[in-house]
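Trainee: This is the structure I want to talk about, given as structure tokens.
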Amino acid sequence: MPFLPTTKNELKILGIDKLDFIMVCPDAYVDHPSFGGSLIARLIESEGFSIGIMSQPMSDIDYVLLGEPNHAFLISGGVVDSMVANYTVALNKRKQDAYSEGGLVGKRQIGLPKYMQKT
């Protein structure tokens, strides 16, 4: 079972012109049933729809890279609550993000307008 497409090039390789759905996730793409976004995406795929994954979009341009879906964008809140992902129990900013590639922090700004994002 191949990974779900995340780029236009992967769509071309799979022979998909336009996706039915695009799943937007604040986590790095991990194709495992313990990750809700992947589980839902695979369920949709099993029903015969095409679906792609948009992982950790950081700018407006990221939202157009896979094109416009036939049906809908699906937005996931991620594996863990944003407070848990960003802060320790003592409310200190985390130095690593376990659910971002390379442990990089600051990649969970999904859905924030530009004026609210830190630069």
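Trainee: Label Val89 and Ile40 with points 7 Å out from Cα along Cα→Cβ: what is the distance between them in nm?
Mentor: It is 3.0 nm.
Trainee: Rounded to the nearest 0.05, what FRET efficiency do Ser59 and Glu10 give with R0 = 22 Å and r taken as the Cβ-Cβ distance? Could you check?
Mentor: So the FRET efficiency works out to roughly 0.65.
Trainee: What is the angle, in °, between the Cα long axis of helix 36-46 and the longest principal axis of the Cα atoms in the chain? Nearest 10 is fine, range 0 to 90.
Mentor: For 36-46 against the chain, the angle is about 0 degrees.
Trainee: Let me ask something else. Distance in nm between label sites at Glu47 and His71, each 7 Å beyond Cα in the beta-carbon direction?
Mentor: 0.5 nm
Trainee: With all pairs of different alpha carbon atoms counted, what Kirkwood hydrodynamic radius in Å does the chain show?
Mentor: In the chain this quantity evaluates to 15.2 Å.
Trainee: Something else about it: Assuming R0 = 41 Å, can you tell me the calculated FRET efficiency for the pair Asp17 and Ala98, based on Cβ-Cβ distance, to the nearest 0.05?
Mentor: 0.70
None of the figures in this text is laboratory data; all of them are computed from the coordinates on show. As the structure is a prediction and not an experimental result, all values here were calculated from the model. Backbone-built Cβ (ideal geometry, glycine too); neighbour counts: all protein chains shown.
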